[in-house]
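Notes follow the structure.
The values are calculated or read from the model by the stated rules, or taken from the named source; none is laboratory data. The structure displayed is predicted, hence computed values, not measured ones. Quick reminder, even Gly has a Cβ in these numbers, built from the backbone with ideal geometry, and neighbours come from all protein chains shown. Heavy atoms of the whole protein, side chains included, go into the accessibility calculation; ligands, DNA and RNA do not. Shrake-Rupley method; radii C 1.70, N 1.55, O 1.52, S 1.80 Å.
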Amino acid sequence: LEEKLRQAKDATIASQAKNAAQAVETRRFEDEKKSLEEKLRQAKEAAIVSEAKLAAQAVESRRFEDQKKALEEKLRQAKEAATASKAKATAPAVEIRRFQDEKKALEE
């Protein structure tokens, strides 16, 4: 009986040690899971921030494109106005030259 009692105690101690080891392992896995969940949360947060930054950059880029187009249109209009103004300024000079040529022809 004493041998059986000793064997039962040994088996109980072994079982308790095994349970304790499993508890430690379970705790380690739970800690690792929490750590991974936190890293995932941070990665999601960073992705959201990054996405927001990209969206803001796209809006800013669009705004600059719109400004560029507006400035290009103003430049085009200014060039047209300058060309028209130059043509107006040249027309009287051409007419004066024509009148001078006619006067010269008449004088000859």
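For the reader, a short list of remarks on this structure follows.
- Nearest-ten-degree value, helix 2-107 long axis tilted from longest Cα axis of the chain: 0 degrees
- The range 1-75: equivalent-ellipsoid semi-axes (sqrt of 5 x gyration tensor eigenvalues, Cα, Å): 71, 5, 4
- Nearest-0.05 FRET efficiency for GLU80 and GLU51, computed from C-beta distance (R0 41 Å): 0.40
- Under 13 Å, Cβ to Cβ, from ALA91 - net charge with Lys/Arg +1 and Asp/Glu -1: +3
- Separation between Cα centres of the range 73-108 and the range 19-55, rounded to whole Å: 79 Å
- For GLU3 and VAL24, the FRET efficiency from 1/(1 + (r/R0)^6), where r spans their Cβ atoms and R0 equals 30 Å, is about 0.45.
- Protein heavy-atom accessible surface, 1.4 Å probe, per residue over the range 1-84: 91 Å².
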